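The values are calculated or read from the model by the stated rules, or taken from the named source; none is laboratory data. Being a predicted model, the structure only gives us computed values, none of them experimental. Ideal geometry is used to build each Cβ from the backbone, glycine not excepted, and the neighbour counts take in all protein chains shown. Surface accessibility is based on the protein's heavy atoms, side chains included, excluding ligands, DNA and RNA. Shrake-Rupley method; radii C 1.70, N 1.55, O 1.52, S 1.80 Å.
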Amino acid sequence: MAPSRRRTVVALTALLTVAAGLPGTPAPAAPPPAAVPARAAAPGPERWSVDLAVAGGDDVNVAWRSGRLRLADPRPNARTRPAAVGGPVAEGILLSASRTLDRPATRVRAQFAARTGDGGTAVAQVRGWRGRGWTEWRDATEAVFDAPVSRVQARVVLTTSDAASEATVTGLTLAADRVATTAVQPAAALEYRVYATRIGLVGGITANGHTVRTRDHFAALPTRRGLSPRNTGDYTVKVCTTNGSRCEYAPVWDVGPWNTRDDWWNPASIRENWKDLPRGLPEAQAAYQNGYNGGRDQFGRTVRNPAGLDLADGTFWDGLRLTDNAWVDVTLLWTGGGARAVVGSGPLNLRAGASTSYASRGLAATYAHVPVQCYVTGQRIAGTYRTTTRWYRLVGGNYVSHAYLSSIYGGTVPRC
């Protein structure tokens, strides 16, 4: 008889402690002075249970059956894994509704009930909203943010290596409280030179559930930490040719190439894997150029190019006008501060001045969040959202018409 497959019950439980207030000063012997009021107890954590029912929309390849969240299809294939990875796993994501907190918090911890076995994994992640945008996604076992957040969103990521793998979740409870942190003032967004490849794979499914279209506009990074929910640009990259002649702002909608846990721009204290690599060096590049990890990716595959970024065909061919895989300069825009405009209708031309008579220097994809520096009066444009003479100068010097922007957040925008 074949041995039974191993099953492991996983319970990632954080101790949710309540900080008690200090007692008041005890009264001395008579005659007693006026009573000293006790210091108010610090508020306890704000707790809530995450709804694991699958409502569609932003959820990808997951189902809620018999009181358990599981993969709708656990078999690895082109429809169940991130298009840019092509790895030997099936994946699914449940994205919860965001919760507005009763009071700002700097820490979120989870009680997570999951059952995994035979190559299955289950991970809970959270992110927080502060005025300049969302933080990156973090492991919900204990996520500490560098500034207070007013909203929290959770997601559950399930993976299986074959149809016999088990990855199910029965409950997720979160608690938000406030602990001392060192606030980091937003500086210029991080920028690195990396090797970019073309995704192709029209008809494939991205990690956030988007079906890849002909001449599509989005990017992929080898981690879920900067993965935008479908039809958002919460995490947007600016990708430019090395001579700066063409750029595109593109939302991050897929995971890859090669790896799925390589946030190569983060310092070792935060980076998910490969903590011994220099900041800004993708694991695939180190494997290809230096034989790092035996020249293999996290799945054990031989790395055949040094790519740390994948680009959809429209971004590759139309935005940057590349003809082959190439080195590019990529800016991770969510790592910086300042006002952002959301492109509601694109791809939108980046102009050298405030008129359509100026040359196009690239594109901004639909849903991309672009950093706005100031505004000027220019050509009157009748666009998707309004008719206006207002144009915004972006950080870097290009211009876009306000007629195609759905919203602006993160700060006020002065006149140039």
- Using θ = phi - 60° and the Karplus relation 6.51 cos²θ - 1.76 cosθ + 1.60, list the HN-Hα couplings for the stretch 229-244 in order, rounded to whole Hz, with x at every Gly or Pro. x, 3, 6, 9, x, 3, 10, 10, 10, 9, 10, 10, 5, 5, 8, x
- Task: Could you tell me whether the stretch 149-308 comes out rounded, prolate or oblate from its Cα gyration tensor? Rule is a ≥ b ≥ c as square roots of the eigenvalues, rounded for a/c under 1.5, then prolate if a/b exceeds b/c, otherwise oblate.
- Result: rounded
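Using a ≥ b ≥ c from the Cα gyration tensor of the stretch 352-416 (square roots of the eigenvalues), is it rounded, prolate or oblate, where a/c under 1.5 gives rounded and otherwise the larger of a/b and b/c decides, a/b for prolate? Working shown, then result.
Working: a/c = 1.18, a/b = 1.13, b/c = 1.05.
Note, shape of the stretch 352-416 comes out rounded.
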- Dipole of the chain, positive end: most advanced residue of Thr206, Ala219, Ala188 [Cβ charges, Cα centre]: Ala188
- Note on the structure: Using the Kirkwood formula on alpha carbons, the hydrodynamic radius of the stretch 60-109 in angstrom works out to 13.3
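So what is Rg over Rh here for the stretch 240-324, counting just Cα atoms and using Kirkwood for Rh? Before the final figure, lay out the partial values.
On the way: Rg = 14.0 Å, Rh = 14.0 Å.
So for the stretch 240-324, dividing Rg by the Kirkwood Rh gives 1.00.
Could you tell me the convex hull volume per residue, in Å³, taken over the Cα atoms of the stretch 159-203?
Details: hull volume 12.1 nm³, N = 45.
So the per-residue hull volume is 269 Å³.
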- Message: Just to check I understand the Karplus step: with θ = phi - 60° and J = 6.51 cos²θ - 1.76 cosθ + 1.60, what whole-Hz values come out for the stretch 65-74, glycine and proline as x?
- Response: 9, 6, x, 9, 8, 8, 6, 5, 9, x
- Non-local residues with an amide H under 5 Å from the amide H of Asn273, with H modelled 1.01 Å from N and Pro and chain starts lacking one, are Asp263
- Note on the structure: Everything considered on the Cα gyration tensor (a ≥ b ≥ c; rounded for a/c under 1.5, else prolate if a/b is larger than b/c, else oblate), the stretch 70-184 must be described as prolate
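With a sphere of radius 9 Å drawn around the Cβ of Gly411, what net charge do the other residues whose Cβ falls strictly inside it have (Lys, Arg +1; Asp, Glu -1)?
Working: positive: Arg132, Arg340; negative: none.
Once positives and negatives cancel, what remains is +2.
Based on the Cα atoms of the stretch 310-385, what semi-axes does the equivalent ellipsoid have, where each is the square root of 5 times one gyration tensor eigenvalue, given in whole Å with the largest first? The partial results should precede the final answer.
Values: eigenvalues 103, 57, 30 Å².
Ellipsoid semi-axes (Å, largest first): 23, 17, 12.
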- Message: What is the distance in Å between the Cα centroid of the stretch 190-234 and that of the stretch 278-321?
- Response: 14
- By how many nm would the segment from Asn243 to Ser357 grow when fully extended, if each residue of separation counts as 0.36 nm and the alpha-carbon distance is taken off? 38.7 nm
- Got a number for the accessible area of Ser228? Probe 1.4 Å, square angstrom, nearest 10. 0
- Query: Any idea what the alpha-carbon Rg over 2.2 N^0.38 Å comes to for the chain?
  - Reply: 1.10
- Carbon + sulfur, % of accessible area of the chain - ligands and nucleic acids excluded, 1.4 Å: 50
- Message: Using 0.36 nm times the number of residues separating Arg215 and Asp139, minus their current alpha carbon distance, what extension gain do you get?
- Response: 24.0 nm
- Note on the structure: All alpha-carbon distances of the stretch 206-256, grouped into 10 Å bins from 0, give the whole-percent distribution 27, 52, 20, 1
- Message: About the Cα centre, and with charges only on the beta carbon of Lys, Arg (+1) and Asp, Glu (-1), how big is the dipole of the stretch 45-145? Nearest 20 debye, please.
- Response: 120
